[in-house]
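Here the structure is laid out as structure tokens; the discussion comes afterwards.
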Amino acid sequence: LSSVVIQTAFLGDVVLTTPLLQALAEREGSPVDVVTTPAAVPLLETHAAVRRVWPFDKHGTEKGLGALRRFAASLRAERYQTAWLPHRSLRTAALAWLARIPRRVGFHDGWRFLYTDVRRRPDTGHEIDRLLSLADVPPRRYQPAIELKLSDVTAAEKLLRDEGLKPGEPFVALAPGSIWGTKRWPYYKELAQHLTARGARIVVVGGKDDWPLGEQIAVTARRLKHPAVNACGKLALRESVAVISKAMVLITNDSAPLHFATAVGTPVVAVFGPTVPAFGFGPRGPRDMTVGVEGLPCRPCSRHGPATCPLGHHRCMNDLPVERVLAAIEETGALPHRN
Ligand code: SF4
């Protein structure tokens, strides 16, 4: 009675699906298979609840109906009994149907005519729990996890050492990037300056596109004669997660690194702009904090946050001062309080 979970959403969504994978693996007594994007494969291939990861390049090699049919034929050969479809996506629903998987479980706001079992997606609650409800698993029973290999940790340590940090030296990680422009808090540079002045070491994490911003932030800290690392684009995905796992705290926007930190147990300060934690994607660890501008009539303005502020002022981020974020960092206990 084997299962396949088809989750081809963003990296953060894939991490938030790992509790569902664990729940299914426990219920079935064996690891499950997962179809996901090529970018998300490293997040799942080491997970104990996962047997096999199928990379599905929906925007590349598997684009188009012919490619979808070929991919479905490969899945069909595996004779899966159940497809779990947490993502509201026509392509993934069609994939399960074309693969002739006899039981296809999806949420009511997806593609009901392609499912055999339709579950109601809860309107409220954390996304982790909403995803668990697909398999009728009670909330908070499982936590997200990313399992690191020793080689990931070694690569992360080597980079930190090569860039001037002493082995085991505590540091604060900053993740200033986001695919959505309005989700980027604009004061990471100033924050790095304050933190460095207080003796904290800074490591900026992100992808290749974040490198210029990471460099600006690191240079600001280095001006105060302290080592600061710009790790953006220099590490593979799981190696970046390994850096986050070693940080005292991660400061991030409402973006994938928030969920990476949760999955490796690092405290988080999450800066929310056009979105709000009530959407279900906030951190919920005992030491985690969220900050945002309260009482702004236009906030929240969209589910993901638009590319640019429709009102032009971007007050949801511009009005959020460094002091607020610093105070939240102190609340996590990762930094000593000022007298
Ligand atoms: S409309 Fe408001 S919430 Fe949306 S991006 Fe602009 S300032 Fe932020």
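The values are calculated or read from the model by the stated rules, or taken from the named source; none is laboratory data. The structure displayed is predicted, hence computed values, not measured ones. Note that we place each Cβ from the backbone using ideal geometry, even for glycine, and neighbour counts take in every protein chain shown. Note: accessible area is taken over every heavy atom of the protein model, side chains too, but ligands, DNA and RNA are not part of it. Shrake-Rupley method; radii C 1.70, N 1.55, O 1.52, S 1.80 Å.
Working from Cα pairs under 8 Å separated by at least six residues, relative contact order for the chain is 15 percent.
Between Arg324 and Glu190, the simple spin-label model (points 7 angstrom out along Cα→Cβ) gives 1.2 nm. Entry comment: accessible area of the chain is 44 Å² per residue, from protein heavy atoms only and a probe of 1.4 Å. With R₀ set to 45 Å, the beta-carbon distance separating Thr308 from Lys149 gives a calculated FRET efficiency near 0.70.
Think of it as helices only: each DSSP H run of n ≥ 4 in the chain is worth -39500 (n - 2.57), and spread over all residues that comes to -10500 deg cm²/dmol at 222 nm. Put simply, the amide H of Ile251, placed in the peptide plane, has neighbours under 5 Å in Ala173, Leu174, Ala175, Val269, leaving out anything fewer than 5 places away on its chain. Computed from the C-beta positions of Asp123 and Ser2, the FRET efficiency with R₀ = 30 Å rounds to 0.40. Across the stretch 236-285, C-alpha contacts under 8 Å between residues 6 or more apart give a mean separation that, scaled by the residue count, equals a relative contact order of 34 percent.
Take the alpha carbon atoms of the stretch 282-339, find their center, do the same for the stretch 75-143, and report the distance between the two centers in whole angstrom. So the separation of the two Cα centres works out to 33 Å. A viscosity of 1.002 mPa s and a temperature of 20 °C, combined with the Kirkwood radius over C-alpha pairs in the Stokes-Einstein formula, give the stretch 52-118 a diffusion coefficient of 179 µm²/s.
In percent, how large is the relative contact order of the stretch 46-162, given Cα pairs closer than 8 Å and 6 or more residues apart? With pairs under 8 Å counted, the relative contact order is 19 percent.
Here the calculated FRET efficiency for Glu28 and Lys63, from their Cβ-Cβ distance with R0 = 30 Å, stands at 0.40, rounded to the nearest 0.05.
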